[in-house]
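Worksheet: the structure to be examined is printed underneath.
The values are calculated or read from the model by the stated rules, or taken from the named source; none is laboratory data. No experiment lies behind these values; they were computed from the predicted model shown. For neighbour counting, all protein chains shown are included, and Cβ atoms are generated from backbone atoms with ideal geometry for every residue, glycine included. Areas reflect the complete protein model, heavy atoms only, side chains present, ligands, DNA and RNA absent. Shrake-Rupley method; radii C 1.70, N 1.55, O 1.52, S 1.80 Å.
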Amino acid sequence: KTLFFSGLTAMEKKLAEYKCNTNEAIQLKLVRFPEDLEDENTTFNPEYSHQVFGDDEVAFGYKGLKIILYYIAGNLSTLFRIEYTSKVNEKFDCVEADDVESKIREIIPPGFCANTDDFVSLLEKEVNFKPFGMLLHTYSIHNEEAGEDITYQIYKADMTCPGFREYHERLQTFLMWFIETASFIDVDDERWNYFLVFEKYNKDGATLFATVGYMTVYNYYVYPDKTRPRVSQMLILPPFQGEGHGAQLLETVHRYYMSSPTVLDITAEDPSENYVKLRDFVLVKLCQDLLCFSPVKLMQGFSQEMVTEAQQKLKINKQHTRRVYEILRLRATNMGDAEQSRSYRLDVKRRLIGPYKKKQRELAKMRRCLRPEEMTNQLNQIDLNLQREQLEESFQQLVSDYRRVLERLAQA
């Protein structure tokens, strides 16, 4: 027995050497110049690879595995190749290396380059690439490193734009690596709108465009003659994150729909925490000058007037308007003043306690149909002190999130 086990661990040890973390193995690049290919500073890695390689994000069967996925910065033509220092062979009993190539081929469209020379020759044609669709907004951001302002543009595109369908197929592959629950959308459904961000850059005296990020929005039909656009996916590519492009994109999309009389309001599908923080910032920025959010009115509490004005003028729904109100009221409140701070705390907690109240109503219903001993078990689950603690914790967390929004607003 002992012999068998020690034999197994030796085998296991040997096999363990052939496991690679796929988040590290996958190397992504957005290439503008041939020298970017050799420059390690331009390489970035996925945050997630579980949708392609399983929950443990491991590829088995290789040592020194590199999965190379390089994209030309503008039109996203792709170079895909796999490198490794060694691979398991038949000497290992019944052990086979993962078919890494076919897993990647499932998510990247056909027509990619398999060698660097082909890729570099495509790079020379990049000067012909132009953004798709209709220009909605131009803005510039000062870049410390380059010591100059860089210009960005946001376009609205659709599947009728020549070449856009193929470009979108390449673009959406990034979702798999950076959005935890990403899925590809049905591009034949005409209700999708696509909003794209590009950077303008110079190369040998010509102006070229690089892909920065994008957003997809689905237009839901609302009876009888309205639509409710719902943000589905939003991604700013890693080299551009933290520069304010997300806020520019979201605000531009809001402004685009604001001008449409048939749009009811704008929502989002299963928003992440980061998206909610971004949305708070953008909506507060849009709302702060509305008359219904004047400091005097904020102090009088949340009102129907706020709901109506935010929806009619800015296409913001009631739930999001309530958050905007709480953030702006925090700004107008002197939290050092005991009376003002107490009033603010009660106002927010009254909203937060909603779900608890619902639970209590459900308990009251149960009380009528359960035997007393069954009831105590149910009741023990909701201890009032615990409820108070949770409520206070939620409130403190919310206020700290709100303060960050206000800090960002003060700098904008």
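How big, in percent, is the set of alpha carbon pairs in the chain lying more than 43 Å apart?
Of all Cα-Cα distances in the chain, 30 percent exceed 43 Å.
Would you rank Trp192, Trp177 by solvent-accessible area, highest first, keeping every protein chain in place and using a 1.4 Å probe?
Output order, biggest surface exposure first: Trp192, Trp177.
How charged is the neighbourhood of Thr181? Take every other residue with its Cβ under 12 Å from the Cβ of Thr181, and add Lys/Arg as +1 and Asp/Glu as -1.
Local net charge: -3.
For Val58, Val212, write out the residues from largest to smallest accessible area, computed with a 1.4 angstrom probe and no ligands counted.
Ranking Val58, Val212 by accessible area, largest first, yields Val58, Val212.
Leaving out ligands and nucleic acids, and using a 1.4 Å probe, what accessible area per residue does the chain come to in Å²?
Result: 55 Å² of accessible area for each residue.
Need one number: nm distance between label points at Gln396 and Tyr139, each 7 Å from Cα along Cα→Cβ, rounded to one decimal.
Label-label distance for Gln396 and Tyr139, simple model: 3.4 nm.
Counting Lys +1, Arg +1, Asp -1, Glu -1, what net charge surrounds Leu30 among other residues with beta carbon under 13 Å of its beta carbon?
-1
Kindly write out, for region 396-412 in residue order, the coupling ³J(HN,Hα) from the Karplus curve 6.51 cos²θ - 1.76 cosθ + 1.60 (θ = phi - 60°), rounded to whole Hz, with x marking Gly and Pro.
Karplus values, whole Hz, x for Gly and Pro: 4, 4, 4, 4, 5, 4, 4, 4, 5, 4, 5, 5, 5, 5, 5, 8, 5.
I'd like the carbon and sulfur percentage of the solvent accessible area for the chain, probe radius 1.4 Å, heavy atoms only, ligands and nucleic acids excluded.
After summing per-atom areas, the C and S share lands at 48 percent.
Taking a 1.4 Å probe, which of Lys87, Lys315 shows the most accessible area, and what order do the others take after it?
Of Lys87, Lys315, the descending order of accessible area is Lys87, Lys315.
Between Arg350 and Val296, what is the label-to-label distance in nm when each label sits 7 Å out along the Cα-to-Cβ direction?
2.1
What does the accessible area of Asp204 come to, in Å² to the nearest 10, when a probe of 1.4 Å is used?
Accessible area, nearest 10 Å²: 150 Å².
So how tilted is helix 338-352 from the main axis of the chain? Cα-based, degrees 0 to 90, rounded to 10.
Orientation of helix 338-352: about 60 degrees from the principal axis.
Over the heavy atoms of Ser294, what accessible area does a 1.4 Å probe trace out, to the nearest 10 Å²?
Approximately 40 Å² of Ser294 is accessible to the 1.4 Å probe.
Would you mind counting up the charge near Leu76? Only other residues with Cβ under 12 Å from its Cβ, with Lys and Arg at +1 and Asp and Glu at -1.
My count for the surroundings of Leu76 gives -1.
Taking 41 Å as R0, compute the FRET efficiency from the Cβ-Cβ separation of Asn385 and Ser259 and round it to 0.05.
E between Asn385 and Ser259, to the nearest 0.05, is 0.20.
Calculate for the chain the 222 nm mean residue ellipticity that helices alone would give, adding -39,500 (n - 2.57) per DSSP H run of length 4 or more and normalising by residue count, nearest 500 deg cm²/dmol.
-13000 deg cm²/dmol
At a threshold of 8 angstrom on Cα-Cα distance, excluding pairs fewer than six apart, so keeping six or more, what relative contact order does the chain reach in percent?
Contact order relative to length: 9 percent.
Quick query: amide H of Lys203 versus all other amide H atoms, modeled in the peptide plane; which residues come in under 5 Å with a sequence gap of 5 or more or a different chain?
Leu208
Please give the length that would be gained between Tyr220 and Ser341 if that part of the chain were fully extended, namely 0.36 nm times their separation in residues minus their C-alpha to C-alpha distance (nm, one decimal).
Answer, rounded to one decimal: 39.5 nm.
Can you pick out the pairs among Lys315/Lys358; Lys285/Lys318; Lys13/Lys87 whose Cα atoms lie more than 19 Å from each other?
From the list (Lys315/Lys358; Lys285/Lys318; Lys13/Lys87), the Cα-Cα distance tops 19 Å for Lys315/Lys358.
Considering only C-alpha atoms, what is the centroid distance from region 140-215 to region 389-412, in Å?
32
How high is the relative contact order of region 131-331, in percent, with contacts defined as C-alpha pairs under 8 Å that are six or more residues apart?
14
In the full protein assembly as shown, how much of Val296 is accessible to a 1.4 Å probe, in Å² to the nearest 10?
Near enough 100 Å² of accessible area.
7 Å from Cα along Cα→Cβ at both Tyr275 and Asn317: what's the point-to-point distance in nm?
The answer from the label model is 1.2 nm.
With the contact rule set at Cα under 8 Å and sequence spacing of 6 or more, what percent relative contact order holds for region 1-144?
This gives 21 percent for region 1-144.
Starting from the exponent 0.38 and prefactor 2.2 Å, build the expected Rg for region 14-126 from its residue count and divide its actual Cα Rg by it.
With N residues counted in region 14-126, Rg over 2.2 N^0.38 Å equals 1.14.
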